[in-house]
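The values are calculated or read from the model by the stated rules, or taken from the named source; none is laboratory data. Since we're looking at a predicted model, the values are computed, not measured. All Cβ positions, glycine included, derive from the backbone under ideal geometry; neighbour counts span all protein chains shown. When the accessible area is computed, the model is the full protein with side chains, heavy atoms only, and any ligands, DNA or RNA have been set aside. Shrake-Rupley method; radii C 1.70, N 1.55, O 1.52, S 1.80 Å.
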Amino acid sequence: MRMSQLFYYPQKEMPKDVEAISHMLMLKSCMIERVASGIYNFLPLGFRVLKRIEDIIRREMLAIGAQEVLLPALHPSELWKITGRWDEYGEELFKLKDRHDRMMCLGPTHEEIITALVKAKINSYRQLPFMLFQIQTKFRDEPRPRFGIIRSREFIMKDLYSFHADEESLNEGYYKVYQAYKNIFDEIGLDYKIVEAESGPIGGDVSHEFVIIAESGEDEITYCSSCSYSATTEKAEYKPVIIEDDEELLPIEKIYTPDLKSVDEVSNYLGVPPSKLIKTIMIKADGRDIALLVKGDSEVNLKRVEELLDVKDVSLIEDNETSVPLGFVGPVGLKGIEIIADPEIKGVKNGVVGANEKNYHFKNVNIGRDFNPTRFLPIRKVKKGDLCPRCGGDLIISKGIEAGHIFKLGTKYSEPMGAVFQTATGQLKPIIMGCYGIGVSRLVAASIEQNNDDNGIIWPRSIAPYEVYILPTDWTNNTIKNFSEDLYRKLLQKGYEVLLDDRDERAGVKFMDADLLGIPMRVTIGNKFIKSGIVELKNRRKPDVLEVSAREVIDRLEEVF
RNA sequence: CGGGGCGUAGCGCAGUUGGGAGCGCGCCUGUUUCGGGUACAGGAGGCCGAAGGUUCGAGUCCUUUCGCCCCGACCA
């Protein structure tokens with residue numbers, strides 16, 4: 001491609017409210033343009049990257065035996081009413097009416113459509129298992145579109161659905177896709193983590209998220225710096241560390257603490273660090289009242305409590321549901337209720353707790369002497385500096401972008417929609433399903449989030465819009481021009497994707513653009529070429545420049561990639 | 001949906017107590033410069049988001065409405 005022909009209008013000035021680096025760079029480099037909130041044009045450069053990512057994904061999907069289809073974006077409401085998601089999906093579903101007043105929606109995902117298709121064609125276990133996928137536009141009326149194409153209302157997604165006769169087959173399929181996803185993210189060159197996740201409105205039992213580490217991410221994940229442990233911060237575990245305070249036990253003392261409820265207020269008032277306080281949180285777990293104890297510098301993790309107690313519904317007790325005033329609750333003398341404590345409070349000596357009486361706390365409270373928890377469980381949220389629950393290594397908490405999500409759906413859709421098959425013994429059973437998504441357009445932005453510097457984008461070669469940028473410093477010089485044209489032709493013949501900067505611009509402008517666009521390889525043809533027949537090869541990612549004679553350029557190009 | 005802010009040239013913005021529609025970038029013409037967004041001169045480009053109101057007079061004040069952005073609860 002010739003720069004003089006490319007639909008490329010870089011921008012110097014950016015709106016001040018563009019937050020994500022990727023968003024800024026994509027606008028600046030003319031990859032995308034905003035049409036309305038959460039709706040974008042993909043321009044030639046952006047579109048090429050999108051297509052390259054699509055190709056990688058498509059190749060991996062075909063490699064595990066999935067077949068590509070294209071399902072409609074426009075769905076009749078009937079299918080969505082059968083599964084109940086017409087109402088359940090909520091405001092995010094784009095709903096509309098056709099001319100006959102029939103209700104339709106724009107597909108945010110395709111379980112209903114694909115299940116209806118499979119129901120019509122599949123009757124026997126002999127036809128299972130199989131996988132279908134598509135790369136297609138999805139619509140979600142996001143409450144708050146943000147970060148350019150990272151969270152938009154219309155976006156490109158690859159969605160794959162697998163269909164099985166039994167759990168074992170589902171597990172096999174799930175594992176295959178899991179591996180394929182790893183291949184995809186590796187090939188795109190992303191720094192990512194795989195975490196167990198909530199399945200959300202898609203449903204199902206088991207699910208994993210593929211999260212790309214990035215500052216502008218909206219998810220928070222916790223992972224180990226030395227082993228492979230990773231989880232959403234919401235569900236993350238940690239290794240409790242009990243630090244014994246080195247103090248003489250003092251006699252317990254009741255103190256007047258008027259209107260001081262929060263940890264900060266009490267710790268300020270008494271001049272005691274928050275870690276000396278023991279917070280008591282009253283919850284209802286499936287209807288049962290429980291008191292939870294954690295150190296004052298920690299937060300209770302209700303999600304973990306749910307998991308550890310194996311209960312479905314955990315909620316905080318409201319002020320009017322208890323005889324003890326909230327803010328002054330404490331474990332001393334608390335009767336008829338289970339007390340679950342975080343192991344870390346074992347180390348607290350002469351601690352401060354609520355006195356179960358309005359405006360009073362106890363000081364110099366000691367575990368074992370003044371109160372005894374029913375049991376100890378690690379129930380607090382992870383925080384900076386925590387250790388890995390598996391290996392004891394340092395945990396890292398960081399933000400990330402959810403780019404892939406895989407689910408074992410089971411029969412969530414096949415059952416209500418009547419997608420059944422006949423087993424070898426003649427029984428009718430609902431088909432067991434899995435579904436697997438990748439945010440394709442989101443990956444374009446996510447990759448930029450991880451690959452940029454002050455001068456612009458740094459594309460990994462696997463998804464770069466072009467591989468080589470030929471930069472003739474002076475297009476009016478015929479020696480430079482002729483050599484550049486010749487090199488351009490030869491590289492194209494060799495199968496390279498090449499950008500030739502044939503514009504009559506100053507060299508500085510071309511260098512700026514080459515960096516901004518982030519093409520992996522730059523070939524500079526300038527005054528060194530005129531003087532001594534030397535051209536420069538430079539990798540966008542590295543600082544050094546390789547000087548080679550004009551004859552060698554093509555042969556030595558790969559050295560620098 | 002709650003809380004805050006913004007709509008003025010293609011883009012980024014200024015516009016004071018109500019009276020002249022402006023600046024920078026980009027674009028067009030010319031000169032100049034030529035390996036890291038050259039410099040100068042001239043020029044084109046506007047229903048001041050929309051509708052209504054107050055006023056002799058509205059970008060500016062009032063009302064309504066549409067759009068956009070930011071902070072919180074959701075998702076590839």
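If a residue must be open to solvent by 60 Å² or more (accessible area, probe 1.4 Å) and touching a residue at least 60 places away in the same chain (Cβ under 8 Å), how many such residues does the range A:43-57 contain?
Looking only at that region, the number is 2.
Could you please let me know if A:Ser532 is among the hydroxyl-bearing types (Ser, Thr, Tyr), away from RNA strand B (no atom under 12 Å from the Cβ) and open to solvent by 30 Å² or more (accessible area, probe 1.4 Å)? Full working, then the answer.
On the way: among the hydroxyl-bearing types (Ser, Thr, Tyr): yes; away from RNA strand B (no atom under 12 Å from the Cβ): no; open to solvent by 30 Å² or more (accessible area, probe 1.4 Å): yes.
Spelling it out, it is not the case that A:Ser532 is among the hydroxyl-bearing types (Ser, Thr, Tyr), away from RNA strand B (no atom under 12 Å from the Cβ) and open to solvent by 30 Å² or more (accessible area, probe 1.4 Å).
Could you say which residue among A:Ser462, A:Ser447 is open to solvent by less than 10 Å² (accessible area, probe 1.4 Å) and not in a strand (DSSP E or B)?
A:Ser447
Pick out the one residue from A:Pro520, A:Pro465 that is touching a Lys or Arg at 6+ places or on another chain (Cβ under 6 Å) and more than 16 Å from RNA strand B (Cβ to nearest atom). Even if it seems obvious, please write down each step before you answer.
Numbers: A:Pro520 fails: more than 16 Å from RNA strand B (Cβ to nearest atom).
After ruling out the rest, the residue left standing is A:Pro465.
Quick one: which of A:Lys346, A:Lys384, A:Lys363, A:Lys335 is more than 30 Å from A:Phe163 (Cα to Cα), assigned to a helix (DSSP H, G or I) and open to solvent by 40 Å² or more (accessible area, probe 1.4 Å)?
Unique residue meeting the criteria: A:Lys346.
If we keep just the residues of the range A:131-182 that are more than 16 Å from A:Ile406 (Cα to Cα) and away from RNA strand B (no atom under 13 Å from the Cβ), which is most open to solvent (accessible area, probe 1.4 Å)?
Quick first cut of the range A:131-182, residues more than 16 Å from A:Ile406 (Cα to Cα) only: A:136-156, A:165-166, A:168.
Restricting the remaining residues to those that are away from RNA strand B (no atom under 13 Å from the Cβ) gives A:165-166, A:168.
Details: A:Ala165: 32, A:Asp166: 72, A:Glu168: 128 Å².
Residue satisfying both the conditions and the ranking: A:Glu168.
Tell me yes or no: at least one residue of the range A:88-97 is more than 19 Å from A:Val440 (Cα to Cα), away from RNA strand B (no atom under 12 Å from the Cβ) and open to solvent by less than 70 Å² (accessible area, probe 1.4 Å).
yes
Identify, please: which residue in the range A:413-432 is touching a residue at least 24 places away in the same chain (Cβ under 8 Å) and touching an Asp or Glu at 6+ places or on another chain (Cβ under 8 Å) and is, among those, surrounded by the most Cβ atoms within 10 Å (Cβ to Cβ)?
Applying the filter and picking the extreme gives A:Tyr413.
If you go through the range A:152-202 one residue at a time, how many are closer than 24 Å to A:Thr115 by Cα, without any contact (Cβ under 8 Å) to a residue 40 or more places away in the chain and within 17 Å of the chain's Cα centre (by Cα)?
2
Can you spot a residue in the range A:209-231 that is of a type in the set (D, E, K, R), near RNA strand B (Cβ under 9 Å from one of its atoms), buried (at least 16 other Cβ atoms within 10 Å of the Cβ) and under 30 Å from A:Lys312 (Cβ atoms)?
Yes, because at least one residue in the range A:209-231 is of a type in the set (D, E, K, R), near RNA strand B (Cβ under 9 Å from one of its atoms), buried (at least 16 other Cβ atoms within 10 Å of the Cβ) and under 30 Å from A:Lys312 (Cβ atoms).
Select, from A:Ile401, A:Ile438, A:Ile470, A:Ile457, the only residue that is of a type in the set (A, V, I, L, M) and away from RNA strand B (no atom under 12 Å from the Cβ).
Numbers: A:Ile401 fails: away from RNA strand B (no atom under 12 Å from the Cβ); A:Ile438 fails: away from RNA strand B (no atom under 12 Å from the Cβ); A:Ile457 fails: away from RNA strand B (no atom under 12 Å from the Cβ).
The conditions single out A:Ile470.
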